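Trainee: Sending over a structure as C-alpha cells; questions will come in a sec.
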Amino acid sequence: MKGGRGEKPEKPPALTEKQARFLTACITELRREAPLDRMEQYVQHGDTSCLRHCVAVAYLSYRLSLRLGLRCDARSLVRGAMLHDFFLYDWHQKSSGHSFHGFTHPAAALRNAGRLLPLNPIEREIIRRHMWPLTPIPPRCREAWLVCLADKICSLRETARMRPYPFRSLYGALPGKPAAGR
Ligand SMILES: [Fe+2]
Ligand SMILES: [Fe+2]
C-alpha cells in the first residue's frame, strides 16, 4: 500500500525497552513463519493497511494487558493479534463476494493462518472471536477479550485518521522500504 499512514509521524511506543524488545521478538518470529508482509497491500481502515492495523492491535493489546495487570500468555496474545485480520483480500470490493466481510473474515483469517502454522487454542480463539458482538459468540479467554477491545479502539483511531501507533520501530523495514529508524 503506497503512502500508508505508517509513513507519517507515529506515536513512540509507550513500553519499557524490555517490553518493546519482547513485542518485536514475537512479531519477528511470526514474520519468519508466515508472509505477514502480504497484508501491507490491502487497505483496512482509512489509509491504514491491514498489516499496520494488525501491528497496532498487537501493540495495544499487549499494552492493555500490562496496564491492566492481567496475567496472560503474552506470546499467544501478540501472535493472535498479528493474525486476526490475515484474510488477504480487499474487503472494499463488494462485487468480489465480500458483502458479508464483517461476519466471515475471522473464519477466512483462521483458515489462512491455520494452513501455515500450528495455531494454539488461544491464538485460534483470538482470531475467531475478535469481531464480537457482530459475530454472536463472545471471546472465551482474556487474550481474545484484549484483542477484541484493542481492535475496536484501533479501528476507530484509523477511521478518524488519528496519529498512528508505532509500526516502523516494532515491525522493521518492509521490502523496498528504508530500515526502521528508532
Ligand atoms: Fe477483523
Ligand atoms: Fe482488526
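Trainee: Return the whole-Å distance between the Cα centroid of the stretch 142-176 and the Cα centroid of the stretch 10-29.
Mentor: 13 Å
Trainee: Setting aside same-chain residues fewer than 8 positions from K11, which aspartates and glutamates have a Cα under 15 Å from its Cα?
Mentor: Partners found: E158.
Trainee: For the stretch 102-182, go through all pairs of different Cα atoms, get the mean of 1/r, take its inverse, and jot down that Kirkwood value in Å. Please list the in-between numbers first.
Mentor: Numbers: mean 1/r = 0.0688 Å⁻¹.
That comes to 14.5 Å for the stretch 102-182.
Trainee: Moving on to the next point. Please arrange R111, R71 by how many other C-beta atoms lie within 10 Å of their C-beta, fewest to most.
Mentor: Numbers: R111 12, R71 7.
The order, fewest Cβ neighbours first, is R71, R111.
Trainee: Further question on the same structure: Would you order Y165, Y42, Y89, Y171 from fewest to most other beta-carbon atoms within 10 Å of each residue's own beta-carbon? Intermediate results must be reported in sequence, preceding the final value.
Mentor: Details: Y165 28, Y42 18, Y89 15, Y171 25.
Ranking Y165, Y42, Y89, Y171 by Cβ neighbours within 10 Å, fewest first, gives Y89, Y42, Y171, Y165.
Trainee: Could you list C72, C54, C154 in order of exposure, starting from the residue whose Cβ has the fewest other Cβ atoms within 10 Å?
Mentor: Numbers: C72 20, C54 25, C154 28.
Ranking C72, C54, C154 by Cβ neighbours within 10 Å, fewest first, gives C72, C54, C154.
Trainee: Report the net charge of residues surrounding L15, where surrounding means a beta-carbon distance below 10 angstrom and charges are Lys +1, Arg +1, Asp -1, Glu -1. Numbers along the way, then the final one.
Mentor: Working: positive: K18, R21, R63; negative: E17.
It works out to a net charge of +2.
Trainee: Using the Cα atoms of the chain, I'd like the radius of gyration and the largest Cα-Cα distance, Dmax, both in angstrom.
Mentor: Here Rg and the maximum Cα pair distance are 15.0, 46 Å.
Any read-out appearing in this document is the output of simple, stated calculations on the displayed coordinates, not a laboratory observation. Remember, predicted model here, so these are calculated numbers, not experimental data. All Cβ positions, even for glycine, are placed from backbone atoms using ideal geometry, and neighbour counts span all protein chains on display.
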